[in-house]
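Right, one structure below, let's go through it.
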Amino acid sequence: MGLRRVLAVWAAKAAEKISVKVFHRQGVTWAGKIALAICPNILAELSKQVRKDIFVVCGTNGKTTTNNLLAAALKAEGYRVICNRTGSNMLNGVAAAFVLGAGLNGKIEADYACIEIDEASTRRVFPFFKPDYMVLTNLFRDQLDRYGEIDLIMEILKESIQSAPEMKVIVNGDDALSAYLAKDSGNAYVAYGISKPVQRETVQEIREGRFCKCCGAVLDYEFYHYSQLGSYHCSKCGFQRPKLSFDAEDIHLENGLAFTTEGRKFTTSYRGFYNIYNLLAAYSAARTAGLSLEHFQTMLDAFRPENGRMEKFRIAGTDVLLNLAKNPAGFNQNITAVLEDPSPKDLIIAINDNMQDGIDVSWLWDVDFDRLRLASVESILASGIRCHDMGLRLKYAGIQAQIEADIEKAIDRKLKDGCGNLYVLVNYTALFGTRNVLKNMEESR
């Protein structure tokens, strides 16, 4: 089996390099697929070599950012970490994280592993290894034609969590669905969240989890942060937001983000209130595992969002910010982040309907695009396979959008006639191609 593992590692590394250099495509998924074909048990074999703990990060939104922050925090403390930082989070992507992190001898040298896993893929991944910790970020409606209603995802996650009874869950306590799942699983858990209201909630959005999962009664909310996240309780059965072991307090959103937890203040330059949850989740996971995190602020100072999550580019005098927006809750928070910038700006929205995106784009009608009418947005351009659907949605919001299906042409147009401040919001399959276009433009102009 050792020889097959070595061959699998060599073949996977070769496939990844060829995919990137020759085909200019992300080769992670193919690397994992090839490795598993050669050595079907390679994920179990390599994961056993992790010296300390394996963290997994699950949830609808924020997985990639939270996972990368956690990995960076562990590295800042001097540890070696395996991480699927590109966001490839199904079985092949998880296998690739370990395989591409292995040496040519088929062995890994890692203290920790930080692995983002698609919720539905946990039932395929967990048979290979049992994580020590799971970070559960949130549960929102996402790609109904692929995953079905949230109840189905909750059942899959419950099954996976219970298959690893020693695994501790670090859960977003502000999300009633996630908190109920952690409680219902029977596993040990701790909660993080934001116990006090931070900003006036003005978004018109669909809220999940309005009914108590314990008894079916309508939940009472003291306040919402956004979507269904907030302070809640059930007046019928007593289910309520759990006690927060890690509470973000003294939050400031001006000129970046700042918050305090456990009496320690942290600041970062990037925006978006939702990123407070990502930062707090990563911090909570590492602290729950017993790390002191003496270098957490140093890590934040050096951390640069990548892989299309609040990723910044500078092209021919234009500042460009790329971010993923793939469901109503995430898109509404993206719009909020755009509005936090008071300066003039152009906006490109690219929507695809490939299999990984979900072919049903009716979710666009649940996004509060009306708010963009009031912002300092100089222009909006709809791009991607479903650019005309996006243009129609904006029309009904009272916004006249330009249309250009080709994302490279769309970006080039805004670089030439824009105001020098460009936001690009894309859904899943539009992300990698758009990021490649921006990287190539940044390097060549």
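Key figures for this structure:
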quantity	calculated
Count - residues of the range 300-314 that are more than 20 Å from Ala258 (Cβ to Cβ) and part of a loop (DSSP other than H, G, I, E, B)	3
Matching residues in the range 370-401 - criterion: being under 14 Å from Ile348 (Cβ atoms), modelled with pLDDT of 95 or more and touching a helix residue (DSSP H, G or I) at 6+ places or on another chain (Cβ under 7 Å)	Ile380, Leu381, Ala382, Ser383, Gly384, Met390, Leu394, Ile399, Ala401
Positions within the range 58-96 being aliphatic (A, V, I, L, M) and either surrounded by 24 or more Cβ atoms within 10 Å (Cβ to Cβ) or not in a helix (DSSP H, G or I) (or both), in sequence order	Leu69, Leu70, Ala71, Ala73, Leu74, Val81, Ile82, Met90, Val94, Ala95, Ala96
Failed condition for Ala191, given (1) open to solvent by 10 Å² or more (accessible area, probe 1.4 Å); (2) touching a Pro at 6+ places or on another chain (Cβ under 6 Å)	(1)
Qualifying positions in the range 342-370 - in a helix (DSSP H, G or I) and surrounded by fewer than 18 Cβ atoms within 10 Å (Cβ to Cβ)	Ser362, Trp365, Asp366, Asp370
Members of the range 319-341 that are in contact with an Asp or Glu (Cβ under 9 Å, 6 or more places away or on another chain) and not in a helix (DSSP H, G or I)	Val320, Leu321, Leu322, Asn323, Lys326, Asn327, Glu340
Residue match in the range 259-277 (condition: under 25 Å from Trp365 (Cβ atoms), loosely packed, with under 14 Cβ neighbours inside 10 Å and either in contact (Cβ under 8 Å) with a residue 24 or more places away in the chain or touching a strand residue (DSSP E or B) at 6+ places or on another chain (Cβ under 9 Å) (or both))	no
Members of the range 98-144 found to be in contact with a Cys (Cβ under 7 Å, 6 or more places away or on another chain) and open to solvent by 10 Å² or more (accessible area, probe 1.4 Å), listed by number	Glu119
Tally, over the range 397-445, of residues that are in a helix (DSSP H, G or I) and of a type in the set (A, V, I, L, M)	9
In the range 209-233, residue surrounded by the fewest Cβ atoms within 10 Å (Cβ to Cβ) [restricted to those that are under 22 Å from Ala248 (Cα atoms) and of a type in the set (A, V, I, L, M, F, W, C)]	Phe223
Qualifying residue in the range 296-317 (condition: farther than 30 Å from Ser343 by Cα and over 18 Å from the mean Cα position of the chain (by Cα))	yes
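A quick yes/no check of all residues on (1) open to solvent by less than 30 Å² (accessible area, probe 1.4 Å); (2) modelled with pLDDT of 95 or more; (3) basic (Lys, Arg):
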{"residue": "Leu280", "(1), (2), (3)": "yes, yes, no"}
{"residue": "Ala286", "(1), (2), (3)": "yes, yes, no"}
{"residue": "His295", "(1), (2), (3)": "no, yes, no"}
{"residue": "Arg309", "(1), (2), (3)": "no, no, yes"}
{"residue": "Pro328", "(1), (2), (3)": "yes, no, no"}
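The values are calculated or read from the model by the stated rules, or taken from the named source; none is laboratory data. For clarity, every value in this text was computed on a predicted model and none was experimentally measured. Using ideal geometry, Cβ is built from the backbone for each residue, glycine included, and neighbour counts are taken over all protein chains shown. Keep in mind that these areas ignore ligands, DNA and RNA; they rest on the heavy atoms of the full protein, side chains included. Shrake-Rupley method; radii C 1.70, N 1.55, O 1.52, S 1.80 Å.
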